[in-house]
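Working notes, beginning with the structure itself.
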Amino acid sequence: MRILPFVAAVALLATPALAQERKIAELRGLDKVTARISTIEAVIDQPVRFGALEIVVRSCNKRPPEEPPEVGAFLEITERRPGSDPTKVFSGWMFASSPALNALENPVYDVWVIDCKARAPGK
């Protein structure tokens, strides 16, 4: 049995269980013009399209069942309109429990995090 130094042991005990990294982020998107809501499954580091938005999920974490529920994802969202240069409209963490805390501010689209999954889309 290894004995941890006192400081490391205290830090380990004080730290809550680490969130589990997942491979799929489940997002919800709202097109405000058509009032259509879409569910988007995005694989980590693979761009997906939602209207004029290109969404890349860099990380998706979900707390283990024994912890208070929380899902967080780091998203990079770029708006790609024909005839204009791509514009980065969002880069940061979004949390399922607080969608308004760090939200995408766009006149046409809303995007928020729903869940993180370990399975591949469509399976």
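The values are calculated or read from the model by the stated rules, or taken from the named source; none is laboratory data. Given the structure is predicted, the values throughout are model-derived calculations rather than measurements. Backbone-built Cβ (ideal geometry, glycine too); neighbour counts: all protein chains shown.
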- State whether one or more residues within the range 105-120 are of a type in the set (Ser, Thr, Tyr) and closer than 16 Å to LYS23 by Cα. no
- Message: Restricting to the range 37-79, count the residues that are among the basic types (Lys, Arg) and modelled with pLDDT under 95.
- Response: 2
- For ASN102, all conditions in the list (1) out of contact with any Gly (no Cβ under 9 Å at 6 or more places or on another chain); (2) under 25 Å from ALA35 (Cα atoms) hold save one; what is the number of the exception? (1)
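For (1) touching a helix residue (DSSP H, G or I) at 6+ places or on another chain (Cβ under 9 Å); (2) free of Cβ contacts under 8 Å to residues at least 40 places away in the same chain; (3) assigned to a strand (DSSP E or B), each residue gets a yes or a no:
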position	(1), (2), (3)
LEU27	no, no, yes
THR39	no, no, yes
VAL56	no, yes, yes
PRO68	no, yes, no
ASP85	no, yes, no
SER97	no, yes, no
- Query: Which of the residues belonging to the range 57-91 are within 12 Å of the chain's Cα centre (by Cα), of a type in the set (Gly, Ala, Ser) and surrounded by fewer than 17 Cβ atoms within 10 Å (Cβ to Cβ)?
  - Reply: SER59, SER91
- Item | In the range 99-121, the residues that are in contact (Cβ under 8 Å) with a residue 24 or more places away in the chain and part of a loop (DSSP other than H, G, I, E, B) | LEU104, ASN106, PRO107, VAL108, ALA118, ARG119, ALA120, PRO121
